[in-house]
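Heads up: the structure comes next, in structure tokens.
Read-outs: derived from the displayed coordinates by stated rules, not from any lab. Note that the structure is a prediction, hence the values are computed from the model and not measured. FYI the Cβ positions are ideal-geometry reconstructions off the backbone, even for glycines, and counts take in every protein chain you see.
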Amino acid sequence: MFSVNKCDSYDSKIIKKSLNFCLAELGGLDKFIKKEDTVLIKPNLLMPAVPERAVSTHPEIIKVLINKLNKIGCKIIIADSSSGDYSFECMENVYKECGYSNFKEISNDFSSKEYQNKSGFIKKYDLISAFFKADKIINVCKVKTHMLTTMTCAVKNLFGLIAGKNKTYFHSRFSTVDDFSKMLIDLAKIAKPCLNIADGVFGMEGEGPSRGKIKKLGIIAASTDCFELDYNISKIIGIDYKKIPYLKLAKDYGLFKENNKNYSDYKTQFKIPNSELISKLFKLIPPKLRSIYIDFFVKKPFIKDTCIGCGLCAKSCPAKAISIIKGKAKINYSKCIRCYCCHEICRYNAVGLRKGKT
Ligand code: SF4
Ligand code: SF4
């Protein structure tokens, strides 16, 4: 079941009213969470970015949710693995910048464990330890477009359960969006959040998930199912779900049903990243000509003068295509798989994207 309500600002009273409405429509929070449960709240904390940048789940939504969970009396853990290392040094900065430092529920365990997934698409995942400690997961995601997956909402947010650099490995192992989508679906089936809440007060359009344009959507939405949430959000932001590779695949697998709801009261058209059109055209091109096409038409990262040579992009590059030379990042385009992790992670806005031969 899916529920949506208007929420015009991050004022806690307005969030509370909107969240109460959504949860009541789903049957109430206590339908999913019991006093004896340990609950993992999984926000989207992609990178250190202040809440006003609309990159991460806004902390006021988490605060309101914690107050509601405290009334039930369950144990709460907040955890996410952002795009860097899963370590105290890295995550302390992420939590601080994203406005989460004051939450006493933040997990201080930065270990991870192997999850055996014998019957799934991927047999082993290295997941953050908070996943294993929790009886239930509440997935609190952000509504954004995404250069690789077209949209990020509830399903893609679960990628942050994979610990630190293992995410980099997954980007290189599943370098096509179709394979990456299969992995995301696999992971969502493992995580099975009992509740998915979308922070759609302010989202991001265009070159998301970190360098797009902030877009006011003015909603909070919730669903018991992450695929259903994303499908309905795609309608609200005016993106055909068939253009979102993981949702198209999830539909083929029978993981959600289409509906004829229009959501005209909530609709705001989001500009999609042009990677979607590019990947569509890519499939029409004979394999031998694809490298020429990639060179000219697929946006590639480039390093701007603002680069300070911190090396974060090089550490995160799944293809090991970045070196730091004389204090600046340098990209080896013959290795680059266009995953855009460098664009996503750079804190100095020093990675741009452009088309054309290098
Ligand atoms: S591009 Fe950004 S992340 Fe990479 S070295 Fe330069 S400043 Fe650091
Ligand atoms: S250079 Fe950037 S876009 Fe290319 S593979 Fe590395 S992280 Fe991905």
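Ordering of 238-246, 68-76, 198-206 by packing is 198-206, 238-246, 68-76, highest average first (other Cβ atoms within 10 Å, averaged per residue). GNM remark for the chain: springs join alpha carbons under 10 Å apart, and the peak mean-square fluctuation among K271, K17, K123 falls on K123.
Relative to the Cα centre, what is the charge dipole magnitude of region 53-96, using +1 at the beta carbon of each Lys and Arg, -1 at the beta carbon of each Asp and Glu, and rounding to the nearest 20 debye? Write out the running numbers ahead of the final one.
On the way: 6 positive and 5 negative charges, 77 e Å.
Its charge dipole is roughly 360 debye.
Each other residue within a Cβ distance under 14 Å of E92 adds +1 if Lys or Arg and -1 if Asp or Glu, for a net charge of -4.
If you take the beta carbon distance between K113 and D8 as r and set R0 to 41 Å, what does 1/(1 + (r/R0)^6) give as a FRET efficiency, to the nearest 0.05?
Details: r = 41 Å, r/R0 = 1.00.
Efficiency for this residue pair is about 0.50.
Considering only I237, F302, A24, and ranking their Cα positions along the charge dipole of the chain that arises from unit charges at the beta-carbon of Lys, Arg, Asp and Glu, the one farthest toward the positive end is F302.
Calculate the dipole size of the chain relative to its Cα centre from +1 charges on Lys and Arg beta carbons and -1 charges on Asp and Glu beta carbons; express the result in debye to the nearest 20. Intermediate results must be reported in sequence, preceding the final value.
Working: 61 positive and 35 negative charges, 218 e Å.
Here the size comes out at about 1040 debye.
Roughly what % antiparallel, to the nearest 5, for the DSSP beta bridges in region 2-252?
If I count the DSSP bridges inside region 2-252, around 60 percent turn out antiparallel.
Diagonalise the Cα gyration tensor of region 86-228 and give the resulting equivalent ellipsoid semi-axes, square root of 5 times each eigenvalue, largest first, whole Å.
Details: eigenvalues 101, 80, 52 Å².
Taking √(5λ) for each Cα gyration eigenvalue gives 22, 20, 16 Å.
A dipole drawn for region 170-227 from +1 and -1 charges on Cβ atoms has a positive end, and of S223, G200, S172 the residue lying farthest that way is G200.
The aspartates and glutamates whose alpha-carbon is closer than 19 Å to the alpha-carbon of K31, local same-chain residues fewer than 8 away aside, are D135, D225, E228.
In terms of other Cβ atoms within 10 Å, Y266, Y340 run from fewest to most in the order Y266, Y340. In this structure, the residue pairs whose Cα-Cα separation is over 24 Å, taken from K156/K267; K142/K267; K192/K216; K63/K242; K123/K242, are K192/K216; K63/K242; K123/K242.
Just from its helices, what would the mean residue ellipticity at 222 nm be for the chain, if runs of 4 or more DSSP H residues each count -39500 (n - 2.57) and the sum is divided by every residue, rounded to the nearest 500 deg cm²/dmol? If you can, show how the numbers build up before the last one.
Working: 13 runs with 117 residues, N = 358.
Mean residue ellipticity, 222 nm, calculated: -9000 deg cm²/dmol.
Each eigenvalue of the Cα gyration tensor of region 2-252, multiplied by 5 and square-rooted, gives one semi-axis; in descending order these are 24, 22, 18 Å.
Overall dimensions of region 90-154, expressed as equivalent-ellipsoid semi-axes from the Cα gyration tensor (√(5λ), whole Å, largest first), are 24, 20, 12.
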